[in-house]
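None of the figures in this text is laboratory data; all of them are computed from the coordinates on show. Note that the structure is a prediction, hence the values are computed from the model and not measured. Cβ placement follows ideal geometry from the backbone for every residue including glycine, while neighbour counts extend to all protein chains displayed.
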Amino acid sequence: MAEAVTAGESAPRSSLLAAPEGRRARQVLGERILLGLLAASSVVAILTTIGIALSLLFETLRFLDAVPLFDFLFGLNWSPQIAIREDQVGSSGAFGVVPLLVGTGLIAAVAMTVAGPLGLFSAIYLAEYASPRARSFAKPILEILAGIPTVVYGFFAVLVVAPFVRDSSEAAGFEVSSESALAAGVVMGVMIVPIVSSIADDVISAVPQSLREGAYGLGATKSETVRNIVLPAALPGIGGALLLGVSRAIGETMIVVMAAGLSAQLTVNPLQAVTTITVQMVTLLTGDQEFDSPKTLAAFALGLLLFIATLILNLIALMLVRRYQERYD
Amino acid sequence: MDMSPSTIRPKLTARGVNVFYGDAQALNQVDLDIRAHEVTALIGPSGCGKSTFLRCLNRMNDLIEICRVDGDIRLDGEDIYDPAVNLVYLRARIGMVFQKPNPFPKPIYDNVAYGPKIHGLARSRAEMDEIVASSLERAGLWDEVKDRLDAPATGLSGGQQQRLCIARAIAVRPEVILMDEPCSSLDPIATARIEALMDELRQNFTIVIVTHSMQQAARVSQRTAFFHLGDLVEVGDTDTVFTQPVDPRTESYISGRIG
Amino acid sequence: MTDPRQSPTETILASLPRRRRAEARFHFYGIAAIGIALGFLILLIGAIGHQGIGAFSQTEIALDVTLDESVLDPSGTRDPETLSTANYRAVVRAALGEIFPEAVRKRRDRRKLTALVSIGAGFELRELVLADPGLIGRTMRVWVPADDEVDMLFKGVTVRDSGRFTEKQLGWLDRLEAEGRIRSAFNWRFFSNGDSREPELAGILGAMSGSFFALVTCLALSFPLGVMAAIYLEEFAPRNRWTDLVEININNLAAVPSIVFGLLGLAVFLGFMGLARSAPLVGGMVLALMTLPTIIIVTRASLHAVPPSIREAAIGLGASRMQAMLHHTLPLATPGIMTGTIIGMARALGELAPLIMIGMVAFIVDVPQGLLDPASALPVQVYIWADSPERAFAEKTAAAIIVLLAFLVVMNLTAVILRRRFERRW
């Protein structure tokens, strides 16, 4: 650079359009290469998605060679153990996914019953009511909950919540199995609270102050302002936050593996043991089995279902949150 | 400083009002009376404290955490900064229209009905319809929106939105309406409509308006108060302030040398 | 224009008490929500702390062992091969026989007696002798670990008449205690051993080193890739359909269930590329794919937070866009990137589901020494122990969780300190 300046003083000025030479040329080349590397890195994320989609799809198609799609999607009976027995060749076994969907839905419903109100009210409190001091106390609590590994929640569900649910419902005269959808769902709900509350907090805080002032100026109380003006304005974003919570609930694995049980029952009674898509994926893939057995392939088919379901939920949720943010930007 | 005849009892009185944002003082010992059924204009260069003073009158400054107000402000002789004062009640009696139109993202009808609804002012749907219609009428918006009361308020033009905000404020039937530069984001035609409206509204309401347009102050107000750097420099009948200002600073501002 | 209706003030005044109550109720809901979250957190930490604290101590029994040359090294060569395969159990049994001469006469009694001491006692004697063969022939007092059932009894987890001990065994234990041969000592084995079928010998060193290798792999892959991708997307990429797609894809990838990444690893890294099952290398690769979106998102946010005026100032001086980024934007964004990366690593450390998918749930005794050795990881260890029937593993599970949480706390605190220290407001 220094040369160029002194050269410019005495020698005739080079044209602005001249091709770069020497050091400058090497620099341009180096930057081109670096830019190429940067661009290539950004493709890795796309490749990951494509890799997920292709590997799930490929193995699922092989699974569907053994089990008809209709039996898989609408079958009411899930007992994959039968299918791996040698003498059962020709039998498709029982790979009906309906009990798993019902179980997954049941646990997600319990989880959202906990996470929805807790997350929303936490967010409202943080965004509208908390003083800076209260906020600096309350926010870390939620962040810690968000940082606890799910295996820890799972152990806690087994250690404390499941016995508590069992004892208290037995005391109330209900029949409970030792592993219940309720215990797993409640713990999962607490795990999801920070996901809902942090997005809802952002969304509520983004509602323009002028709307609040408009309501206060009419003599609305704080809760009237929040309920009638702020929340309706923030509704799409809050919907997005709840959908991301649901997506998280159906994809959550360890809590249900440890606390929900393995029996594929068709029930909507939260005191019963149910099983979920993720639990069955883990069960199918642990223990020794061949890579190509229908059991292994079934795990991929379940994975594809899970991937599609969460993909749809996530896309809708992200779209809602983003469109909402654009409205008030 | 107040040269008003002592026979008229003021609606609002402010005595020794100081406002601080953190350590910075925004208003310095302001004494001002606001008379009923008049339009009082607060004028002055940007940052002079006129909006700050306006927001003291319905305690909107309470929403700003670092803001501290001391002094004495009375509505009909009652101290509005008394800790026992209910803010909801205060703000129902002293309404406000903001600088930027801020309709709620709801239908037009719901915007106007919101205040009466939370305060329980209508006992029936018919009564509410009546309140909404008369408020929109008074705000001069009825003819433009009567056929689309269910349309979202955010679809109205800027001038219509601001008149909707005025309708929203008067639907609660406050005694005082505070207007914080209500025309600053509007075009001249919309501004003219709102100015005409103000003159009509003062029959029923006491109006305090902050404006940075001296022409507007001269057109709409009966009394004018001039603020400069946190001080209330001069207050008097609008004609007097604009033609024979007492303070040299007022004269400089009016003749365009400061501000 | 006069108003026919009455003044509204009466109506408003009448509505105030009801509205004040509604206000208080609403405010209370918010505090209650936070309170429930806090209560749950305290309960969780309390329960796990209460359950796990016991695992950090271990009941030990003092034995006066005679390291008999005729048993350990009959040929007298002190050959390490001989010494490491010698019968140290016999030495332990002999030492027990010294204390309870009457018990060793019957075979059944002898077995019952030996059962009180962990089979790890023999291993620990072997380590002593291998470290110093000169000890052979000497008699010395050694504290050896008690069996896990004995440990549970002395920690008060099980009661005497639970049926786990015979009357005779209880009598022996009483005598050992009376003779001062029982103590509770800090359980260093928990930090220096790999996994074991015997709870009193099981430790988390193997899991910690497995986690370490997996995290190193994860960091080495996801950090450069993530930061580079973020730089491209934030600083250089044109705004068009394609980059929109990339952005949506990244946001979505961050919300894909972690177990799905495990399936990807199983299909591609194990099935297609044929890498070894249970290796921390594969675990790290899967975790890297999972962490990548997080790192891209935080890096973009940090780059975005650097005001464009700084970039423009550099470009105005004749720097290329690449130079402006390398010399100015990137250094200013570094604290934010570091913070985000640490938080991403903390999440990867606690992740378990994808590791199960690629077979990192095997029972592995040996501490892994490299990226390709079969290994478990901290959360895997928690999962395996939580599934084990022995009572003593419950406290090991909780203790492993405490260690895991301790690592997470350290990582997150580092992130918080970095943020506090270098946070810049523009």
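Key figures for this structure:
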quantity: Table column - 3J(HN,Hα) (Hz), the range C:141-150, Karplus curve with 6.51, -1.76, 1.60, x for Gly and Pro; calculated: 8, 10, 8, 10, x, 7, 4, 4, 5, 5
quantity: Between the range C:247-273 and the range C:279-303, the alpha-carbon center distance in angstrom; calculated: 11 Å
quantity: Order of A:L47, C:L83 under a 10 Å beta carbon neighbour criterion, fewest first; calculated: A:L47, C:L83
quantity: Student exercise, chain C dipole from Lys, Arg, Asp, Glu Cβ charges, in Debye to nearest 20; calculated: 1380 debye
quantity: In the range C:345-426, the trypsin sites (Lys or Arg not before Pro) that fall in loop regions by DSSP, at most 14 other Cβ within 10 Å; calculated: C:R424, C:R425
quantity: Stretchable slack from A:R135 to A:E326, in nm (0.36 nm times residue separation minus alpha-carbon distance); calculated: 66.1 nm
quantity: Gain on full stretching of the segment that runs from A:R32 to A:A109 - 0.36 nm per residue minus C-alpha separation; calculated: 22.5 nm
quantity: In Hz, Karplus ³J(HN,Hα) per residue of the range B:71-79 (6.51, -1.76, 1.60; θ = phi - 60°; x = Gly, Pro); calculated: x, 9, 10, 10, 10, 6, x, 9, 6
quantity: Helix-only CD estimate at 222 nm, as mean residue ellipticity for chain B, using -39500 (n - 2.57) per DSSP H run (n ≥ 4); calculated: -10000 deg cm²/dmol
quantity: Compactness of the protein assembly as shown - radius of gyration and Dmax, Cα, Å; calculated: 37.6, 126
quantity: Helix-derived mean residue ellipticity, 222 nm - over chain A, DSSP H n ≥ 4, -39500 (n - 2.57), to 500; calculated: -23000 deg cm²/dmol
quantity: Extension gain from C:L135 to C:D366, taking 0.36 nm per residue of separation minus the Cα-Cα distance; calculated: 80.4 nm
quantity: Burial ranking of peptide ranges B:222-235, A:131-144 (average Cβ count within 10 Å, highest at the top); calculated: B:222-235, A:131-144
quantity: Inter-probe distance in nm under a simple model that places probes 7 Å from Cα toward Cβ, at C:R197 and C:S57; calculated: 3.0 nm
quantity: Span-rule helices in chain C, defined as complete DSSP H runs reaching 20 Å or more along the axis (Cα) with Kyte mean at least 0.0; calculated: C:9-52, C:205-231, C:280-305, C:330-350, C:392-422
quantity: Charge dipole (debye, nearest 20) of the range A:94-327; +1 at Cβ of Lys and Arg, -1 at Cβ of Asp and Glu; calculated: 760 debye
quantity: Residues of the range A:173-208 with amide N under 16 Å of a point placed 7 Å along Cα→Cβ from A:N269; calculated: A:173-183
quantity: Rounded Å value of the spacing that divides the Cα centres of the range A:26-62 and the range C:354-379; calculated: 28 Å
quantity: Charge dipole of the range C:147-227 about the Cα centre (unit charges at C-beta), most positive-ward option of C:L215, C:I182, C:V159; calculated: C:L215
quantity: Candidates C:Y29, C:Y232, C:Y88: whichever shows maximal mean-square fluctuation once chain C is modelled as a Gaussian network with Cα springs under 10 Å; calculated: C:Y29
quantity: Cα-based reach from A:K222 at 20 Å (exclusive), listing aspartates and glutamates while leaving out same-chain residues under 8 positions away; calculated: A:E128, A:D201, A:D202, A:E213, B:D62, B:E65, B:D82, B:D110, C:E23
quantity: Residues in the range C:260-275 reached by a label modelled at A:I308 [backbone nitrogen below 19 Å; 7 Å Cα→Cβ]; calculated: C:260-261, C:263-264
quantity: Average other protein chain Cβ within 10 Å of Cβ, residues A:154-163; calculated: 5
quantity: Nearest-20 debye value, the range C:30-97 charge dipole, Cβ charges on Lys, Arg, Asp, Glu; calculated: 440 debye
quantity: FRET efficiency, 1/(1 + (r/R0)^6) with R0 35 Å, evaluated for A:S205 and C:T334 via beta carbons; calculated: 0.80
quantity: In sequence order, calculated HN-Hα J values of the range A:229-243 (Karplus, 6.51, -1.76, 1.60; Hz; x Gly/Pro); calculated: 10, 5, 5, x, 5, 8, 3, x, x, 5, x, x, 4, 5, 5
quantity: Between the range A:135-192 and the range B:221-259, the Cα center-to-center distance that results, in Å; calculated: 68 Å
quantity: Dipole of the protein assembly as shown, positive end: most advanced residue of A:S205, C:M338, C:V260 [Cβ charges, Cα centre]; calculated: A:S205
quantity: For B:M179, residues with placed amide H under 5 Å, excluding near neighbours; calculated: B:V97, B:V208, B:I209, B:V210
quantity: Positive-end extreme of charge dipole, the range C:301-426 - chosen from C:P354, C:L371, C:L326 (charges on Cβ); calculated: C:L326
quantity: Cα-based reach from B:K11 at 24 Å (exclusive), listing lysines while leaving out same-chain residues under 8 positions away; calculated: B:K50
quantity: Those trypsin sites (Lys or Arg not before Pro) in the range B:1-85 that DSSP places in a loop and that have at most 12 other beta carbons within 10 Å; calculated: none
quantity: Residues of the range A:133-154 with amide N under 17 Å of the 7 Å Cα→Cβ point at C:R420; calculated: A:133-141, A:143-144
quantity: Value of [θ]222 nm, deg cm²/dmol, for chain C, DSSP H segments ≥ 4, -39500 (n - 2.57) each, nearest 500; calculated: -19500 deg cm²/dmol
quantity: Hits among lysines - C-alpha to C-alpha of C:K168 under 24 Å, sequence gap 8 or more where chains match; calculated: C:K106, C:K112, C:K155
